[in-house]
Amino acid sequence: MWRTLSILACAGALAFSGPAWPGEADRAAPGTVAAWPGGVFRWWYNPDLHPAWLSADQAAAMVRDAATKWEACGVRMEYQGVTALRPGIMDGENVVGWTTDLPGGTRGLTQGRARGRRLVERDVAFASSRLEFRRFPRLLEKVLVHEFGHAIGMTHSPACNDVMTLAADCPRAPAASLPVVPTDNDLARCRAGYANELR
Ligand SMILES: [Zn+2]
């Protein structure tokens, strides 16, 4: 099979949880399910439907800021600009944006395609109308960084303090203690997954 479609939903009542995408969780060892060729992720931003409690500029800044946090891995997160393309449609462009219609409890959704170990497309949609994000902006920050991790192919981490943790398996953490940058373990897993792309 040369093409796979993956859907990564991060949902639930816990501090950060989500049903694992089985094909990905099962292959979590190197930290990524696949990698961007050359270690470069080129993404567009669609500002539509951003959270009402943030200005358009604030929302855009939060999203762009979250993307850059993975550059510590060695991956280049190349922002391409604003687009009207919608996230979640496999159109050949990597689109990051907001949505109001994720299934109940879902905070963010990353969808994509890969050919073998190489990523072809990844779109990310964040839930814009969740009251918990307004109450705990740090939770939104973590969700943004977490989904960008999926966008570069990262799988869930078994370590509960990681940005890439699958919190369904972890005790609920207070919002103030949530990581908003990849931990050393996140970065080690990322570098392992990109070892063939970043030399
Ligand atoms: Zn996730």
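For residues in the stretch 149-161 being within 11 Å of the ligand (Cβ to nearest atom) and modelled with pLDDT of 95 or more, which is surrounded by the most Cβ atoms within 10 Å (Cβ to Cβ)? Break it down into steps so the answer makes sense when it comes.
Looking only at the stretch 149-161, we keep the residues that are within 11 Å of the ligand (Cβ to nearest atom), and these are 149-151, 154-157.
If we keep only those that are modelled with pLDDT of 95 or more as well, we get 149-151, 154.
Working: 149: 28, 150: 28, 151: 26, 154: 30.
Going through the qualifying residues, I end up with 154.
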Q. If you take the residues in the stretch 80-104 that are surrounded by 20 or more Cβ atoms within 10 Å (Cβ to Cβ) and not in a strand (DSSP E or B), which one is farthest from the ligand (Cβ to nearest atom)?
A. 94
Q) Residues of the stretch 110-136 being under 19 Å from residue 64 (Cβ atoms) and in a strand (DSSP E or B), which ones? A) 110, 122, 123, 124, 125, 126, 127
**Q.** Selected residue [more than 16 Å from the chain's Cα centre (by Cα) and of a type in the set (Val, Ile, Thr)] from 82, 40, 63, 95
**A.** 82
**Q.** Out of 107, 76, 138, sole residue that is touching a helix residue (DSSP H, G or I) at 6+ places or on another chain (Cβ under 8 Å), among the basic types (Lys, Arg) and within 14 Å of the ligand (Cβ to nearest atom)
**A.** 107
Q | Scope the stretch 43-59; condition farther than 30 Å from residue 192 by Cα and within 17 Å of the chain's Cα centre (by Cα); matching residues | A | 46, 47, 50, 59
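Taking residue 113, is it of a type in the set (Lys, Arg) and within 16 Å of the ligand (Cβ to nearest atom)? Please lay out each step first, then the result.
Working: of a type in the set (Lys, Arg): yes; within 16 Å of the ligand (Cβ to nearest atom): no.
In short, no.
The values are calculated or read from the model by the stated rules, or taken from the named source; none is laboratory data. Here the structure is a predicted model, which is why all the values come from computation and not from measurement. Cβ atoms come from the backbone with ideal geometry, glycine included; neighbour counts cover every protein chain shown.
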